Amino acid sequence: SDPEPADATGDETTEASESGDDMEGGLSGTLSGGGASSQEAAMNAWRAGFQQANPEATVNYDPVGSGGGRTGFGDGSYAFAGSDAALDDEELAAAEAQCGEGGVIEFPGYVSPVAVAFNLEGVDSLNMSPETIANVFLGEITTWDDEAIAADNPDADLPSTAITVVHRSDESGTTENFEDYLYSAAGDVWTTEPSGVWPVDGQESAQGTSGVVGAAQAGEGTITYADASQIADLGTVAVGVGGDFVEYSAEAAAEVVAQSPRTEGTSEYVYTIELERDIEGTYPIVLVSYSLACTTYADENTAELVKGFLGYLASEEGQQAAADAAGSAPLSDTIRQAVLPGIESISVG
Amino acid sequence: MSVATESSSPGGSPDTARLLATVDPARRRTDRTMQVLIYIAFALAMIPLIWLIWTVVAQGADRISIDFLTQSMRNIFGGDPRGGIYHAIAGTVIITLLATVISVPIGILTAIYLVEYGKGWLARSVTFFVDVMTGIPSIVAGLFAFSLFALIFGPSVRIGIMGAVALSVLMIPVVVRSCEEMLKLVPNELREASYALGVPKWLTIVKVVLRTSVAGLTTGVLLAVARVVGETAPLLVTVGVTDSINFNPFEGRMMTLPVFAYRQYSQGNAPCPGGDSATCVADIASQNAWGAALVLIAMVLALNLIGRLITRWFAPKLG
Amino acid sequence: MAQRIDTKDLNIYYSSFLAVEAVNMTIEPKSVTALIGPSGCGKSTFLRTLNRMHEVIPGARVEGHVEMDGVDLYGPNVDPVAVRKNVGMVFQRPNPFPTMSIRDNVLAGVKLNNKRISKSDADDLVESSLHGANLWNEVKDRLDRPGSGLSGGQQQRLCIARAIAIKPQVLLMDEPCSALDPISTIAIEDLIGELKNDYTIVIVTHNMQQAARVSDRTGFFNIAGTGKPGKLIEMDDTATIFSSPAEKATEDYVSGRFG
Amino acid sequence: MAQRIDTKDLNIYYSSFLAVEAVNMTIEPKSVTALIGPSGCGKSTFLRTLNRMHEVIPGARVEGHVEMDGVDLYGPNVDPVAVRKNVGMVFQRPNPFPTMSIRDNVLAGVKLNNKRISKSDADDLVESSLHGANLWNEVKDRLDRPGSGLSGGQQQRLCIARAIAIKPQVLLMDEPCSALDPISTIAIEDLIGELKNDYTIVIVTHNMQQAARVSDRTGFFNIAGTGKPGKLIEMDDTATIFSSPAEKATEDYVSGRFG
Amino acid sequence: MSTTISRPPARGSRRRRSSTTDRGFNRVFRWIAVGAGATILAVLAAVALFLISEAWPAIMASPEELASGVPRYPEDTSLLGYLGPLVYGTILAAVLALVIAVPVSMGIALFISHYAPRRLSQLLGALVDLLAAIPSVIYGLWGFFTLAPVLTPFWLWLNDNLGWFPFWGGQASPTGRSMATVGIVLAIMILPIITAVSREVFLQTPRLHEEAALALGATRWEVVRTAVLPFGRSGVISASMLGLGRALGETMAVLMILSPGFTYSLDILAAGQHQTIAAYIAADFPESTGLGVNTLIAAGLALFVITLAVNMAARWVVARRKDFSGAN
Ligand SMILES: Nc1ncnc2c1ncn2[C@@H]1O[C@H](COP(=O)(O)OP(=O)(O)OP(=O)(O)O)[C@@H](O)[C@H]1O
Ligand SMILES: Nc1ncnc2c1ncn2[C@@H]1O[C@H](COP(=O)(O)OP(=O)(O)OP(=O)(O)O)[C@@H](O)[C@H]1O
Ligand SMILES: [Mg+2]
Ligand SMILES: [Mg+2]
Ligand SMILES: O=P([O-])([O-])[O-]
């Protein structure tokens, strides 16, 4: 369906939708959430889709970061939130204080491949094993014609350009997921526990996904990691998984999420996953960003809006919209089936 | 009368000619050197200015259209090249105006207090703390405003006035410091002339001191406005963001131009599967960012122009 | 209507510096009192205590009394603003308001006080005040030009016009003619002669002849040395001061080559 | 060493306003020339053309010639800075540098030329210049205090000290005594008497007696009306001007009540 | 003469109340002005209170707690030890910016006030003011995309050829996103602030004083040196403090341009060496929770203290020569 821009004078609450959408457009009011900025592009698509179906409704999403999102969700200032990391025990407790015992809904609403991207004259694609990637990012491998790289790329014509690693300077979910990948796939080389902060000192870094991409584009011989939809014309690394090299793709990223096990011992609608980084045929470096909501809200209207919005977000249609707008990997049916009942059950309480 | 022959030689007395022609060459050189340096300083400042403005115009001009200026981004996402920044223009104008309305009276009155009344511990501490205030990072001002309003309205509050309060924290010290300097420059003679006419102190301040320094005050206020009009971080945590138009600073989220520009820049490229087309432009977000930046610069430029007119209108007439 | 002023044991300080000591003086109503004395002896300082302009200088203060018709100007229920409205002042240096036109400068006392005045009244006031200051003919064609564009002498006359436009009871003049040419000075002196019919006038001057010409009574201030306070040495009818002063110092001073 | 100055058909403008017209004047070396005339007739304006201070006012310009010993001050090989170094000036309003101490004020001009003046030379110069301006005794204990803390008269004398400290060839004085008390005035007049032994002095004054006392020659400027240019009416030996001037206007002016 | 306004001043039926000289609306106005000053104190007190209370948990926490609760926090480091490099980076950035901006600003201000043709000077002043009108996000974008690439070859050349000079050593960044570039961008950002205030102050130099200098045979530069600069001294210092405040607190431009690190290095051409407090807070705030936020606010408190110290020093410099201020 076509997006529908608001005109200058249109007040969001009075604007009428002409588009013959198949969803019932009965909801109205304003719903506000916030959190991970990685979801922003996808969130724009979801909000637009939902608002077109419900012209009387407005959904806002403050891209204040996952930390802000989790905090805001915990103290009730956001009705829903996005977070690049699952709630930890403490946060879960805070959230349950808001939502009620077992009333937290959490599921990987946004899954996106993280590309290892580089800027090297004349080279578009390279194969790298997890160990090689780890060594490059640790600064152990310093030139592009290093044996370890050459070994995996017999056909490539590798220059002796120095490698400049560009990492995220801000604390970020992308970093955490990338570190987690290196830690689990190349644990011998990469020994630091994953956190949102890059552990190697003295390298180039930049703020935000657009920052690292811009910096990588600005320098010759740079390499970075970034949300795959953002890497523009940078070359990409095909990552070694189970003896094969896999190029990033939304489908391969969706596979890894679909095939990884659900975290055990969580409450019914908390669907978090333990990513397995070496499943053959999948692309193992993914950013998994969670959507958070409650099953009960104090306010009827809010409950209706969250229910409608999350329903759309998790629907096939919503996931496809995000895939189109942000290059994300659609939710697997397994996960959708697991969380939809939770969303359906959202009510006043 | 004097003997005229004395001065008959065409060049006049050579001694005198020498006396009048020579000034220590080293002094001349210093004078010339400093003149050149001062011209260079100015030229130096023009380079980034022209470069910056050229960059912004070159990047942003194509995006500017009537639609861009009169529509919001509601329901626009991905590579959709429609939509505009009307909501952000409105937000910027309203929030900055509110911040100005809060800070300028407080700032100028405080400057008046410091210059005209200030004595003793209160004046000293105000001076002292205004100095300290200039170093508050903008994000801290935002967090402060947020926690202040959260105390009263709960943590879910996101309203325009909150952003205005955060900006005021940043603006006030700039207003106070620059206005203080301007007021100090008003000669005491003028105050005395006014007192001697039986004009009460407050009227002297309002009608003589402020009037005489109005040009400087305008500059100070414009500086302060410029200081905050481009703020991003404090607005994100206080006002939040929205794609829709909201004229009410006391209810609901608002968008502002710098936040809009920054968010668009952060979003990066949109995936356009079939390449760029009429309905999907991959780098539309960055185009939006530059377009918003251009509009923001144009707005502040217009403001400066108005300020300049005010300055000229009120400038002391010296001849 | 004119007021009489008495000072009683007036000590004048700049912070802790005693600038003028123990002045007892009577200024008769409807008369011109001249204050003479060497530079730095505190004439200006003393004059400024008579309309409470002294206290606008930070740290400046007085001890003792200044009484106008028996009411202490420094009394608790006296408003310095009201004092200054009734005791006008012309300064040593001309100080027209640079942001105002010549016309507005003359009307400053009215306009700055937010008083409403009809255009024709204002025009009359401007004309009569400028006439009084002997400036009308020179500026009548450029009343809307800035006052700061005038020459020094013209500026000073503008300040006199501005002071008399508020029709004070007492007029203090601190060397009002030191920047004026003789013709303007004559006009001002004539004006002083006229004004004294209704008002009390105190004038500080270095010009002995001027003091002799315009004043009824003269006070002589002197100073023993730098850092010492200025004192009122003698005060008497002008004729007496200039012919047979009681004090030797006065005689020395007035009989200088300038006598 | 002293210089003689001639002006030839000098027209002085403020932008398009002709302030002073067609002045032909000879200023003798080692003499004192007084310029008198009513306010606004252009005495200050004329004086400022003699050391090229006029041209620092935006839009101000001259036509004609000012020659010093036959060298045109406005000629192409002449540096205005050198002119001003050799033609010192004291202004109508005292203008000590407020940011400098009394001592530094006196040395301000000297330090421009001779940065490495020894401390003892500087001390001597400060003392002699302040003595010359009759200010030494009043300020010798506070040479390091700001010059702006002095009274008006003291400030003016400080400015005179500053001007004579650079030992100019010619000294221009624009009503230098209008803010001074008689005692200081005498000292300055004595100083002028001494200086003229070596230097050429031009003084603008409103004080007829002063002109008569100190000057050898006197020039009388007059103005026909506002907006009209000022003109040099007559110039002659001072005695002649004050006893039997050639022009009626001069006689009227000098024989005014101030004569 | 008119008797209409002649009321003996002392006959006024005013209340006998206090010995203060203020009456009527004078008093009201005075209290309004005092109130404005007090408001600022109150706001500042509130901000300080906010900073201290939010920073308190971090100040009180042990190094172990901090290391486990704050992602970036290294083992076995006291809070001060952790904030040290940030304080250093902040000061380094501000000093670089000031060192570049103050001389240039004074040059520009003098150019506009005393050198440029009068008709032009207003226009030129407005042009420089435009730099102040450019929001920091745009400086960030420009510095990142446009300036840094242009400066890179120059930085690399300095590094190759003059690397022995303490500031130009280390491994120069191939993308130019180093402290040197940040210093230049910050300098450009504070330039108009310093220029605008200095310019106004220089323009106010009394003509009398300039003419006094001219008449002593001063060249134009000497007039500036003897009359204009001393007169404008306190104004220029205040202006620089305003600029410094902005340089210290600038967030967006630093955040977007600098490739940060946490060391005490002097190598301003190298990447990953320095970080400023403001940029650090903005970079890590979004993902932070709990003790992490407290630590960020503690960094804000440190910035607060730096500003305080710097401004106190500046005030002291100005006050030392108060008697000689041009306002006398
Ligand atoms: N604002 C001030 N602060 C401190 N001392 C001052 C101030 N104004 C004047 N004085 C000192 O007070 C004394 C008296 O000064 P005042 O100006 O009253 O003298 P005066 O008789 O008017 O001199 P003149 O004839 O030169 O105007 C002088 O020693 C002077 O230095
Ligand atoms: N800066 C200026 N711009 C334009 N006109 C001026 C300027 N300065 C003086 N004038 C005009 O030039 C004429 C001569 O002024 P000038 O100051 O030379 O007179 P003066 O004889 O020195 O008077 P006084 O005795 O009052 O000092 C006056 O009409 C005055 O208004
Ligand atoms: Mg005096
Ligand atoms: Mg004159
Ligand atoms: O989603 P991010 O935290 O990597 O920006």
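The values are calculated or read from the model by the stated rules, or taken from the named source; none is laboratory data. The structure displayed is predicted, hence computed values, not measured ones. Ideal geometry is used to build each Cβ from the backbone, glycine not excepted, and the neighbour counts take in all protein chains shown. Protein only, heavy atoms only, side chains kept; ligands, DNA and RNA dropped before computing areas. Shrake-Rupley method; radii C 1.70, N 1.55, O 1.52, S 1.80 Å.
Just for helices (runs of 4 or more DSSP H) wholly inside region B:124-238: which have at least 2 residues that are touching a residue at least 60 places away in the same chain (Cβ under 8 Å) and more than 9 Å from chain E (Cβ to nearest Cβ)? Steps first, please.
Numbers: elements: B:138-153, B:160-184, B:188-196, B:201-204, B:214-229, B:233-238.
The qualifying helices (runs of 4 or more DSSP H) are B:138-153, B:160-184, B:214-229, B:233-238.
Summed over region C:1-45, residues that are within 12 Å of ligand 3 (Cβ to nearest atom) and more than 13 Å from chain D (Cβ to nearest Cβ) total 0. The lone criterion from (1) within 30 Å of D:G227 (Cα to Cα); (2) modelled with pLDDT of 90 or more left unmet by D:V106 is number (1).
Among the residues of region A:160-179, the ones that are open to solvent by less than 50 Å² (accessible area, probe 1.4 Å) and in a helix (DSSP H, G or I) come to 6 in all.
How many residues does region E:117-135 hold that are at the interface with another protein chain (Cβ under 8 Å from one of its Cβ atoms) and either assigned to a helix (DSSP H, G or I) or open to solvent by 10 Å² or more (accessible area, probe 1.4 Å) (or both)? Break it down into steps so the answer makes sense when it comes.
Going residue by residue through region E:117-135, those that are at the interface with another protein chain (Cβ under 8 Å from one of its Cβ atoms) are E:118, E:122, E:124, E:126-135.
After this cut, where a residue has to be either assigned to a helix (DSSP H, G or I) or open to solvent by 10 Å² or more (accessible area, probe 1.4 Å) (or both) as well, the list is E:118, E:122, E:124, E:126-132.
Within region E:117-135, residues that are at the interface with another protein chain (Cβ under 8 Å from one of its Cβ atoms) and either assigned to a helix (DSSP H, G or I) or open to solvent by 10 Å² or more (accessible area, probe 1.4 Å) (or both) number 10.
The residues in region C:1-33 that are within 15 Å of the chain's Cα centre (by Cα) and of a type in the set (V, I, T) can be counted, and the count is 4.
Among all residues of region C:112-130, there is none that is open to solvent by 40 Å² or more (accessible area, probe 1.4 Å), in contact with a helix residue (DSSP H, G or I) (Cβ under 8 Å, 6 or more places away or on another chain), within 16 Å of ligand 1 (Cβ to nearest atom) and free of Cβ contacts under 8 Å to residues at least 40 places away in the same chain.
Among residues of region A:238-262 being assigned to a loop (DSSP other than H, G, I, E, B) and within 15 Å of the chain's Cα centre (by Cα), the one that is surrounded by the most Cβ atoms within 10 Å (Cβ to Cβ) is A:Y248. Counting only helices (runs of 4 or more DSSP H) that sit completely within region A:75-159, zero hold 1 or more residues that are without any contact (Cβ under 8 Å) to a residue 12 or more places away in the chain, away from every other protein chain (no Cβ under 14 Å) and open to solvent by less than 10 Å² (accessible area, probe 1.4 Å).
With respect to (1) open to solvent by less than 10 Å² (accessible area, probe 1.4 Å); (2) touching a strand residue (DSSP E or B) at 6+ places or on another chain (Cβ under 6 Å); (3) closer than 15 Å to B:H87 by Cα, the lone exception for B:L235 is condition (2).
Condition check for E:H209 on (1) part of a helix (DSSP H, G or I); (2) within 26 Å of B:P173 (Cβ to Cβ); (3) facing another protein chain (nearest Cβ under 7 Å): one failure, at (2).
Say we look at region C:47-79 and pick out the residues that are of a type outside the set (S, T, N, Q) and facing chain B (nearest Cβ under 8 Å); which of these is least open to solvent (accessible area, probe 1.4 Å)? Within region C:47-79, the match that is least open to solvent (accessible area, probe 1.4 Å) is C:M53. Among residues of region B:222-232 being out of contact with any Ser or Thr (no Cβ under 7 Å at 6 or more places or on another chain) and open to solvent by 10 Å² or more (accessible area, probe 1.4 Å), the one that is farthest from E:G140 (Cα to Cα) is B:L222. Restricting attention to region E:235-280, and to residues there that are within 11 Å of chain A (Cβ to nearest Cβ) and β-branched (V, I, T), which single residue is surrounded by the fewest Cβ atoms within 10 Å (Cβ to Cβ)? This residue is E:T263.
Taking the condition over 30 Å from A:I346 (Cα atoms), out of contact with any Asp or Glu (no Cβ under 7 Å at 6 or more places or on another chain), more than 16 Å from ligand 1 (Cβ to nearest atom) and not in a loop (DSSP other than H, G, I, E, B), does A:A216 pass?
Details: over 30 Å from A:I346 (Cα atoms): yes; out of contact with any Asp or Glu (no Cβ under 7 Å at 6 or more places or on another chain): yes; more than 16 Å from ligand 1 (Cβ to nearest atom): yes; not in a loop (DSSP other than H, G, I, E, B): yes.
The answer is yes for A:A216.
Filtering region C:212-228 down to residues that are at pLDDT below 90 and either away from chain D (no Cβ under 11 Å) or part of a loop (DSSP other than H, G, I, E, B) (or both), which residue is nearest to the chain's Cα centre (by Cα)? Only one residue tops the list, namely C:A212.
When region D:135-154 is examined, which residues are found to be assigned to a helix (DSSP H, G or I), more than 10 Å from chain C (Cβ to nearest Cβ) and within 11 Å of ligand 1 (Cβ to nearest atom)?
Residues of region D:135-154 that are assigned to a helix (DSSP H, G or I), as a first pass: D:136-142, D:147-149, D:152-154.
Subset that is more than 10 Å from chain C (Cβ to nearest Cβ): D:136, D:147-148.
The one that is assigned to a helix (DSSP H, G or I), more than 10 Å from chain C (Cβ to nearest Cβ) and within 11 Å of ligand 1 (Cβ to nearest atom): D:S148.
Determine whether E:V317 is aliphatic (A, V, I, L, M), within 19 Å of A:Q207 (Cα to Cα) and open to solvent by 10 Å² or more (accessible area, probe 1.4 Å).
Working: aliphatic (A, V, I, L, M): yes; within 19 Å of A:Q207 (Cα to Cα): no; open to solvent by 10 Å² or more (accessible area, probe 1.4 Å): yes.
Spelling it out, it is not the case that E:V317 is aliphatic (A, V, I, L, M), within 19 Å of A:Q207 (Cα to Cα) and open to solvent by 10 Å² or more (accessible area, probe 1.4 Å).
Among the criteria (1) closer than 30 Å to E:F145 by Cα; (2) without any contact (Cβ under 8 Å) to a residue 24 or more places away in the chain, the one E:L216 does not fulfil is (1).
Tell me, please, whether a residue that is more than 30 Å from E:L301 (Cβ to Cβ), modelled with pLDDT of 90 or more and polar (S, T, N, Q) can be found in region E:85-98. Scanning region E:85-98 turns up no residue that is more than 30 Å from E:L301 (Cβ to Cβ), modelled with pLDDT of 90 or more and polar (S, T, N, Q). Among residues of region B:271-291 that are closer than 15 Å to A:E40 by Cα, those with a Cβ under 8 angstrom from a residue that is open to solvent by 40 Å² or more (accessible area, probe 1.4 Å) and in a loop (DSSP other than H, G, I, E, B), sequence gap 6+ or separate chain, pair up as B:A285/B:N269; B:S286/B:N269.
Quick one: in region A:62-74, of everything that is open to solvent by less than 10 Å² (accessible area, probe 1.4 Å) and over 15 Å from the mean Cα position of the chain (by Cα), which residue is nearest to ligand 5 (Cβ to nearest atom)?
Initially, region A:62-74 is screened for residues open to solvent by less than 10 Å² (accessible area, probe 1.4 Å), giving A:62-63, A:65-67, A:69, A:72-73.
Still in the running and over 15 Å from the mean Cα position of the chain (by Cα): A:62, A:72-73.
Values: A:D62: 14, A:G72: 15, A:F73: 16 Å.
Here the residue is A:D62.
Tallying residues that are within 14 Å of chain B (Cβ to nearest Cβ), open to solvent by 30 Å² or more (accessible area, probe 1.4 Å) and touching a Leu at 6+ places or on another chain (Cβ under 8 Å) within region A:186-237 yields 1. When the residues of region B:1-41 are filtered to those that are modelled with pLDDT of 80 or more and charged (D, E, K, R), the one that is surrounded by the fewest Cβ atoms within 10 Å (Cβ to Cβ) is B:R29.
Among the residues making up region C:155-172, those that are away from chain D (no Cβ under 14 Å) and either within 16 Å of ligand 5 (Cβ to nearest atom) or of a type in the set (D, E, K, R) (or both) are C:R162, C:K167. Filtering region C:188-200 to residues that are within 13 Å of chain E (Cβ to nearest Cβ) and surrounded by 19 or more Cβ atoms within 10 Å (Cβ to Cβ) leaves C:L191, C:L195, C:K196, C:Y199, C:T200. Residues that are among the hydroxyl-bearing types (S, T, Y) and farther than 21 Å from A:G173 by Cβ within region A:55-69 comprise just one, A:T58. Residues of region C:80-99 that are farther than 25 Å from E:F25 by Cβ and open to solvent by 40 Å² or more (accessible area, probe 1.4 Å): C:Q92, C:R93.
Quick one: is A:A186 farther than 20 Å from E:A282 by Cβ and either at pLDDT 90 or above or more than 16 Å from ligand 1 (Cβ to nearest atom) (or both)? Spelling it out, A:A186 is indeed farther than 20 Å from E:A282 by Cβ and either at pLDDT 90 or above or more than 16 Å from ligand 1 (Cβ to nearest atom) (or both).
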